[in-house]
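Notes follow the structure.
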Amino acid sequence: MADTDEKKIDPEALAEKAELEKEVAELGDIPEAEYLDEIYDIIDAVVSRTDDPTVPALTMRTWILGVFFGFLYALVNTLFTFRTNQI
């Protein structure tokens, strides 16, 4: 179980991220469009664009938050049905 919880760190991605951050720092005052392109390059270097199919979607957090907000919505909906002039 501990093996699946560990995040794999890609040294190449970290080196590329550091290089991009250094380039951004050297550029100083750059136009916003170019700055956004640089930001996206940094994000692409760190975050994968594909999903990991081994990560479970139905976790305890998902169920607890889903049930909590479901009950909250039902409660608010019930309270608003008793109003004489409905929204």
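The values are calculated or read from the model by the stated rules, or taken from the named source; none is laboratory data. In this text the structure is predicted, and so the values were computed from the model without any measurement. All Cβ positions, even for glycine, are placed from backbone atoms using ideal geometry, and neighbour counts span all protein chains on display. Side chains included, ligands, DNA and RNA excluded: accessible areas come from the protein's heavy atoms. Shrake-Rupley method; radii C 1.70, N 1.55, O 1.52, S 1.80 Å.
The 3J(HN,Hα) values that the Karplus relation (6.51, -1.76, 1.60; θ = phi - 60°) gives for the stretch 60-71 are, in residue order, 4, 4, 4, 5, 5, 5, x, 5, 4, 6, x, 5 Hz. Gly and Pro appear as x.
When the solvent-accessible surface of protein heavy atoms is calculated with a 1.4 angstrom probe, in what order do E16, E38, E23 fall, highest first? Intermediate results must be reported in sequence, preceding the final value.
Working: E16 95, E38 35, E23 70 Å².
Highest to lowest solvent-accessible surface, that is E16, E23, E38.
Y40 contributes an accessible area of around 130 Å² to the protein surface, as traced by a 1.4 Å probe with all chains present. For the stretch 12-22, backbone phi angles converted through the Karplus equation (6.51, -1.76, 1.60; θ = phi - 60°) give residue-by-residue couplings of 5, 5, 5, 5, 5, 5, 4, 5, 5, 5, 5 Hz, Gly and Pro being listed as x. Among R61, R83, the order of accessible area from largest down is R61, R83, computed with a 1.4 Å probe on protein heavy atoms.
Distance between the modelled labels on E12 and F82, one decimal in nanometres: 6.3 nm (7 Å Cα→Cβ projection).
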